[in-house]
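Structure first, commentary second.
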Amino acid sequence: MAALRGINIALGIWLFISAFAWRHGRDEFTNTWVVGALCVVFALIALWAPKARYVTAILAVWLFVSAWTLPALLMATVWNNALVAVAILVVSLLATEAAVRGSRAAPRV
């Protein structure tokens with residue numbers, strides 16, 4: 001469903017912007033904007049290749065782990081990244097209607 005991929009695109013954009021919105025540690029800054037950009041890219045790809053959503057799920061797991069392991073300047077950044085990671089993971093794992101029914105779903109009448 002395009003709406004689910006759209007949510008991940010929006011979350012990726014927010015993650016990217018948040019890297020520049022307030023102070024981050026060097027590693028934290030780089031990780032935040034890179035993961036944000038990659039989430040946008042793979043969410044866009046998932047619009048045409050639904051299995052690409054699993055890449056965004058893997059990125060979300062990495063973001064969650066890195067939020068708690070990379071040196072942080074502000075706890076707000078840790079919580080922002082952790083909560084965005086959970087949201088991206090949940091949305092990434094929600095199957096599209098076509099994936100649930102299979103690619104040969106009967107047309108609606």
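The values are calculated or read from the model by the stated rules, or taken from the named source; none is laboratory data. A quick note: this is a predicted structure, and the numbers were derived from the prediction, not measured. A quick note on method: Cβ atoms are made from the backbone with ideal geometry, for glycine too, and the neighbour counts reach across all protein chains shown.
Given the criteria closer than 15 Å to Ala87 by Cβ, out of contact with any Leu (no Cβ under 8 Å at 6 or more places or on another chain), among the hydroxyl-bearing types (Ser, Thr, Tyr) and modelled with pLDDT of 95 or more, does Ser66 qualify?
It is false that Ser66 is closer than 15 Å to Ala87 by Cβ, out of contact with any Leu (no Cβ under 8 Å at 6 or more places or on another chain), among the hydroxyl-bearing types (Ser, Thr, Tyr) and modelled with pLDDT of 95 or more.
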Filtering segment 5-34 down to residues that are free of Cβ contacts under 8 Å to residues at least 40 places away in the same chain and of a type in the set (A, V, I, L, M), which residue is farthest from Thr77 (Cα to Cα)?
Ile9
Output for segment 30-53, where each listed residue is within 16 Å of Asn80 (Cβ to Cβ), out of contact with any Phe, Trp or Tyr (no Cβ under 6 Å at 6 or more places or on another chain) and crowded, with 16+ Cβ neighbours inside 10 Å:
Asn31, Thr32, Val35, Cys39
Return the total of residues in segment 34-62 being part of a loop (DSSP other than H, G, I, E, B) and either of a type in the set (A, V, I, L, M) or modelled with pLDDT of 95 or more (or both).
2
May I ask you to list the residues in segment 15-29 that are within 15 Å of Asn80 (Cα to Cα) and surrounded by fewer than 16 Cβ atoms within 10 Å (Cβ to Cβ)?
Ile17, Phe20, Ala21, Trp22, Arg23, Gly25
